[in-house]
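These notes concern the structure reproduced below.
The values are calculated or read from the model by the stated rules, or taken from the named source; none is laboratory data. Because the structure is predicted, anything quoted here is derived from the model rather than measured. For neighbour counting, all protein chains shown are included, and Cβ atoms are generated from backbone atoms with ideal geometry for every residue, glycine included. Protein only, heavy atoms only, side chains kept; ligands, DNA and RNA dropped before computing areas. Shrake-Rupley method; radii C 1.70, N 1.55, O 1.52, S 1.80 Å.
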Amino acid sequence: MALEKHFVTQNTNPKNLKIIHLIKDKGFDTWLTSQAKPVQNWVQTNSFKAKKGDVLVIPNKDGLSEDALCIIGESKNLYALSSAAAKLEGQYQLNYKDIDDKTLFDLCVGWALGQYNFDRYKKPKDKKENAKLLIPANISPQAVDAMITSVQLVRDLVNTPPNDMLPKDLEATAKTLADTYKGDLKITRDQDLVKHGYHAIYAVGQGSDNRPSLIDLTWGNAKHPKVTLVGKGVCFDTGGLNIKTGNSMNLMKKDMGGAAQVFGLARLIMEMKLPIRLRVLVAAVENSISGNSFRPSDIIQTKKGLTVEITNTDAEGRLVLCDCLAEACLEKPEVIFDFATLTGAARVALGPEIPPVYSNNKEVVNELVECSEEEEDQLWNMPLWKNYNSYMDSSVADLVNSSANSFAGSITAALFLQNFVEENTPWVHIDCYAWNASSKPGRPLGGEAQGMRAVFSYLEKRYG
Ligand code: BES
Ligand code: ZN
Ligand code: ZN
């Protein structure tokens with residue numbers, strides 16, 4: 001269990017724990033006046049501002065620095081203990097009053113996320129041991145563990161360099177999940193993709209020595225409601241023959257970020273034993289350049305039967321997804337969620353922290369956006385604006401894969417996908433960045449779970 005790296009648990013009967021006093025920002029002044037003079041002086045000497053997330057080690061009555069105080073807010077406290085988790089040393093328990101269980105759960109999750117670092121390729125020198133927190137009595141250590149390991153899995157997958165995160169490595173990740181949770185795994189590789197009609201996945205992957213595949217994992221009781229997750233697993237996106245220029249290729253190892261979200265979410269669902277029949281579809285490909293790469297002006301077939309004129313080989317994500325979505329719809333699931341690092345335009349519109357979410361079902365998306373707010377995993381609903389469908393018209397095929405004009409790039413990508421979804425199948429598309437563009441407490445620069453906690457909360461409320 002990853003739990004012991006960050007926590008101590010009640011059942012080990014831990015002794016001599018130091019204390020973190022959780023103080024609400026608004027109640028700080030009142031709290032301070034009730035403290036002994038040395039504590040008041042200490043707070044003043046340290047120019048402590050008492051903003052949410054701030055942490056201060058304070059002297060105990062013997063004048064020794066032992067306990068800490070940490071400031072939380074009235075709500076949204078996921079990352080309120082993240083700085084403390086990174087800075088403190090030793091073992092702690094929380095001292096608090098009037099804090100609900102959801103907040104305590106979030107504080108524990110943020111504590112562990114504050115201690116995340118990706119050290120597979122660079123072992124930190126003189127790394128101190130993580131501070132450990134006693135999980136409060138009402139909080140399920142298993143639920144905390146399930147959440148943090150799933151976020152860590154997403155981050156690790158995205159952070160792993162592309163030479164170690166190729167289609168076969170995504171397949172191995174699925175295999176581990178299938179073995180651990182007794183799921184069924186089917187992998188369709190290379191020429192077999194064509195045989196089974198996944199022409200678009202094949203076309204994107206055809207130029208790479210790292211052969212493409214469709215990963216299909218199912219888990220759970222067949223009688224339970226069917227929920228399908230679809231992930232874009234482009235292990236590296238060079239742009240293909242429409243090669244990316246300048247710096248725009250730098251971060252493209254994270255173009256399997258959708259697949260990472262979906263594996264993390266699947267792990268969380270299976271670990272928490274949600275009563276659903278889960279299906280995970282991941283298209284694992286590398287969009288690379290060779291004599292056999294697909295070309296601008298190729299016209300390709302798709303699983304759905306629609307033809308697509310390739311106008312830009314860099315708009316490859318929607319191609320691999322469209323075959324997955326068509327496949328997903330065949331068994332008429334209750335709902336489909338797809339995750340993809342699909343467009344640069346989504347970042348232009350909403351920046352790196354807020355993935356746009358699109359859906360053909362208002363109820364589902366409204367509920368999901370509400371969950372995203374509660375979970376501090378914000379999603380923003382954007383429209384599937386019908387008029388822009390004409391941007392994707394082709395004179396020689398059913399669709400182009402990239403619009404001739406550059407307006408509304410995230411919307412037109414979502415509209416493209418909608419062509420491959422059955423009208424009466426509720427479908428949600430999340431155009432995520434899967435990356436923290438800068439370091440903040442609990443959110444280090446690098447791979448990030450985006451939308452995963454929101455969708456889990458939605459599923460838990462709906463089916464749990
Ligand atoms: N993987 C990129 C999208 C992307 C770019 C995500 C930068 C995050 C950061 C995707 O495959 C792509 O290249 N999209 C193009 C589409 C265009 C050619 C219509 C884009 O957004 O520029
Ligand atoms: Zn691309
Ligand atoms: Zn891409």
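Some observations on this one:
- Residue 363/residue 184 FRET efficiency (R0 30 Å; Cβ-Cβ; nearest 0.05): 0.45
- In terms of its alpha-carbon gyration tensor, segment 122-198 comes out oblate; a/c meets the 1.5 threshold, while b/c is at least as large as a/b.
- Helix axis angle, 141-159 relative to the chain longest principal axis, alpha carbon, degrees: 50 degrees
- Applying a DSSP loop filter and a limit of 13 other Cβ atoms within 10 Å to the GluC sites (Glu not before Pro) in segment 310-346 leaves 331.
- Chain lengthening between residue 292 and residue 91 when straightened (0.36 nm per residue, less Cα-Cα): 66.6 nm
- Farthest towards the positive end of the charge dipole of the chain, among the residues 379, 322, 205, is the Cα of 379, using unit charges on the Cβ of Lys, Arg, Asp and Glu.
- Segment 207-348 - share of DSSP beta bridges that are antiparallel (%, nearest 5): 40 percent
- Applied to segment 365-381, the Karplus parametrisation 6.51 cos²θ - 1.76 cosθ + 1.60 on θ = phi - 60° returns per-residue 3J(HN,Hα) values of 6, 5, 4, 5, 5, 4, 4, 4, 5, 4, 8, 6, 9, 4, 10, 10, 6 Hz, with x for Gly and Pro.
- Candidate residues 186, 253, 97: accessible-area rank, largest first, probe 1.4 Å: 97, 186, 253
- Near residue 54, once Lys and Arg are set to +1 and Asp and Glu to -1 for all other residues with Cβ below 13 Å from its Cβ, the sum equals +4.
- Ranked by the mean number of other Cβ atoms within 10 Å per residue, highest first, peptides 279-291, 131-143 order as 279-291, 131-143.
- Folded to 0 to 90 degrees: helix 452-463 orientation relative to the chain principal axis, Cα: 90 degrees
- Residue 461-residue 395 FRET efficiency (beta carbon distance; Förster radius 35 Å; 0.05 resolution): 0.15
- Debye, to nearest 20: dipole size of segment 160-261, +1 on Lys, Arg Cβ, -1 on Asp, Glu Cβ: 280 debye
- Of all DSSP beta bridges in the chain, antiparallel share, percent nearest 5: 40 percent
- Sum of side-chain charges, residue 86 neighbourhood, beta-carbon under 12 Å (Lys, Arg +1; Asp, Glu -1): +4
- Shape category assigned to segment 308-464 from the gyration tensor of Cα positions, a/c cut at 1.5: oblate
- Annotation: amide H-H contacts under 5 Å for residue 277 (H modelled 1.01 Å from N, sequence separation of 5 or more, or interchain): 224, 226, 227.
- Calculated SAXS-style log₁₀ I(q)/I(0) at q = 0.15, 0.18 Å⁻¹ - segment 167-225, Debye, Cα scatterers: -0.50, -0.67
- Rounded to the nearest 10 square angstrom, residue 457 shows an accessible area of 10 square angstrom against a 1.4 Å probe.
- Over 14 Å [Cα-Cα, segment 228-296], rounded percent: 64 percent
- Here the relative contact order of the chain, from alpha carbon pairs under 8 Å that lie six or more residues apart, stands at 15 percent.
- Magnitude of the charge dipole for segment 273-352, about its Cα centre and with charges confined to Cβ atoms of Lys, Arg (+1) and Asp, Glu (-1), is about 300 debye.
- Take the Cα of residue 21, step 7 Å toward its Cβ, do the same at residue 175, and the gap between the two points is 5.5 nm.
- One way to sum up the overall shape of segment 20-82 is the equivalent ellipsoid from its Cα gyration tensor, whose semi-axes run 20, 12, 9 Å, largest first.
- Backbone phi angles across segment 175-187, fed through the Karplus curve with coefficients 6.51, -1.76 and 1.60 (θ = phi - 60°), yield HN-Hα couplings of 5, 4, 5, 4, 5, 5, 10, 6, x, 9, 10, 10, 10 Hz in residue order; Gly and Pro are listed as x.
- By average C-beta atoms within 10 angstrom, highest first, the peptides 243-252, 363-372: 363-372, 243-252
- Enclosed volume per residue, in Å³, of the convex hull spanned by Cα atoms of segment 189-326: 102 Å³
- Here, the chain yields an orientationally averaged convex hull projection of 23.6 nm² when only Cα atoms define the hull.
- Convex hull projection area averaged over all views, segment 371-458, Cα basis, nm²: 7.6 nm²
- Segment 142-181 and segment 255-308: distance between their alpha carbon centers, rounded to Å: 15 Å
- Stokes-Einstein diffusion for segment 325-415, with the hydrodynamic radius set to the Kirkwood value over Cα pairs and evaluated at 37 °C in a medium of 0.692 mPa s, equals 224 µm²/s.
- Model label points for residue 209 and residue 299, set 7 angstrom from Cα along the Cα-to-Cβ axis, are 3.5 nm apart.
- Per-residue [θ]222 nm for the chain (sum of -39500 (n - 2.57) over DSSP H runs n ≥ 4, rounded to 500): -10000 deg cm²/dmol
- Note on segment 178-292: dipole from Cβ charges, positive end direction compared against 252, 274, 235; the farthest Cα belongs to 274.
- Linear extension gain, residue 224 paired with residue 30, 0.36 nm per residue minus alpha-carbon span: 64.7 nm
- Between residue 10 and residue 247, the FRET efficiency from the beta-carbon distance, with R0 = 41 Å, is close to 0.25.
- Around residue 400: net Lys/Arg minus Asp/Glu count, Cβ-Cβ under 12 Å: -3
- Dipole magnitude (debye, nearest 20) for the chain, charges at Cβ of Lys, Arg, Asp, Glu: 960 debye
- Contact order normalised by residue count of segment 227-342, Cα under 8 Å, 6+ apart, percent: 42 percent
- Rounded tilt (10° steps) of 317-330 against the dominant C-alpha axis of the chain: 90 degrees
- For peptides 384-396, 110-122, sequence by mean Cβ density within 10 Å, most packed first: 110-122, 384-396
- Among the protein heavy atoms, those of residue 42 account for about 90 Å² of accessible surface (1.4 Å probe, every chain in place).
- Over segment 1-139, volume per residue of the alpha carbon convex hull, in Å³: 130 Å³
- Under a 5 Å amide H cut-off, with hydrogens placed 1.01 Å from N, residue 230 pairs with 281, 337, 338, 339 among residues at least 5 apart or on other chains.
- Calculated accessible area for segment 329-464 comes out at 43 Å² per residue, all protein chains present (probe 1.4 Å; ligands, DNA, RNA ignored).
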